[in-house]
Amino acid sequence: IVQLQEAIGAVKMPESLSIESLIDQVRDRLECSSQLFDFDPPKLPSAGDLLQDALDQLSRIATAAEESPATAQVPIELLDENRQLKRRVADLLQVARLDALTGLANRGYLLQQLSERTALHRVRGLSIGLAVVDIDHFKKINDTYGHQAGDQALRVVAETIRKSLRDDDLVGRYGGEEFVAILEDANPEGLAIVGERIRSNIAKAEVVFEGKKIPVTASIGLVEGQIFGTEAEFGEQLFAVADAAMYRAKKGGRNQFIVDTLIAPNDGPQVQERSRSVAVPAMA
């Protein structure tokens, strides 16, 4: 993987082509090819998982080398090279977790963290929250000011959301102009405070491109719930409810938030009930 990263840099591939996207493309094309020949290839892990495995292996090697009595017999150059390789893999792992444009967590890492944090909250008996933030009229920004201006708006909104959350919360770019935040130990009242803080901060944020100020607002759906079912099932339902709340905020006039609650049903995890909604109307 390190050699692959160096090769991408050596041939001056487009900056948008990362190791993660390249491996994902290879996996997708392998899967398409397998359908033509009617065979099922082994599922390739994600780039992030590959990098994590590589880092874990290097960590074990480095630890074993440092603790082994035979370390003194190992050339110092080899030990230094191993440490440098370990740092490079750690850097690549960090890159694989980030969205290149905004610097926030990318979709893959966000979903991984949602699963892990859901499992932890189940053990602790705490509710977990999710916020879906979607920039209003983003296509109009691109059409009016250009895609570079749209990119600038994404960066400003991303930083604004990040600064509006607590250190323990995690926000990432889910795709396009949509952001998702995982909120620790959530409750409806707290989510309402967070929703208004994000909404108002985005509305006040200055997006400037080529000397022009671009007005930006966002619609936000927030949901909290006590974990039930599997982590995957719960995560899907939590996102579905937050996403639906965000769309209700858009239909209600945009530049507002709606808070919802996901309740564990009595007859199975596939049924969900919305029990709380709070909307803040768009400001003039």
- Query: Checking Ile220 against (1) of a type outside the set (D, E, K, R); (2) in contact (Cβ under 8 Å) with a residue 24 or more places away in the chain; (3) in a helix (DSSP H, G or I), which test does it fail?
  - Reply: (3)
- Query: Counting only residues that are hydrophobic (A, V, I, L, M, F, W, C), part of a strand (DSSP E or B) and at pLDDT 95 or above, how many does the stretch 101-154 have?
  - Reply: 6
- Query: Can you spot a residue in the stretch 12-33 that is open to solvent by less than 70 Å² (accessible area, probe 1.4 Å), under 26 Å from Arg87 (Cα atoms), modelled with pLDDT under 70 and not in a helix (DSSP H, G or I)?
  - Reply: yes
- open to solvent by less than 20 Å² (accessible area, probe 1.4 Å) and either in contact with a helix residue (DSSP H, G or I) (Cβ under 9 Å, 6 or more places away or on another chain) or closer than 14 Å to Asp134 by Cα (or both): does that describe Gly253? no
- Message: From the list Arg166, Arg155, exactly one residue is within 11 Å of Thr102 (Cα to Cα), surrounded by fewer than 21 Cβ atoms within 10 Å (Cβ to Cβ) and not hydrophobic (A, V, I, L, M, F, W, C). Which is it?
- Response: Arg155
- Note on the structure: When (1) open to solvent by 20 Å² or more (accessible area, probe 1.4 Å); (2) closer than 24 Å to Asn106 by Cβ; (3) in contact (Cβ under 8 Å) with a residue 24 or more places away in the chain are applied to Phe179, the one that fails is (1)
- Of the residues that sit in the stretch 198-216 and are open to solvent by less than 60 Å² (accessible area, probe 1.4 Å) and small (Gly, Ala, Ser), which one is farthest from Arg254 (Cα to Cα)? Ala205
- Could you tell me whether Glu177 is modelled with pLDDT of 95 or more and under 21 Å from Val241 (Cα atoms)? yes
- Exclusive hit being open to solvent by less than 60 Å² (accessible area, probe 1.4 Å) and farther than 30 Å from Ala119 by Cβ, set Gly190, Gly146, Gly172, Gly195: Gly146
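The values are calculated or read from the model by the stated rules, or taken from the named source; none is laboratory data. Predicted model, so just to flag it, every value in this text is computed and none were measured. Because the Cβ atoms are built from the backbone with ideal geometry, glycine has one as well, and the counts that use them run over all protein chains shown. Heavy atoms of the whole protein, side chains included, go into the accessibility calculation; ligands, DNA and RNA do not. Shrake-Rupley method; radii C 1.70, N 1.55, O 1.52, S 1.80 Å.
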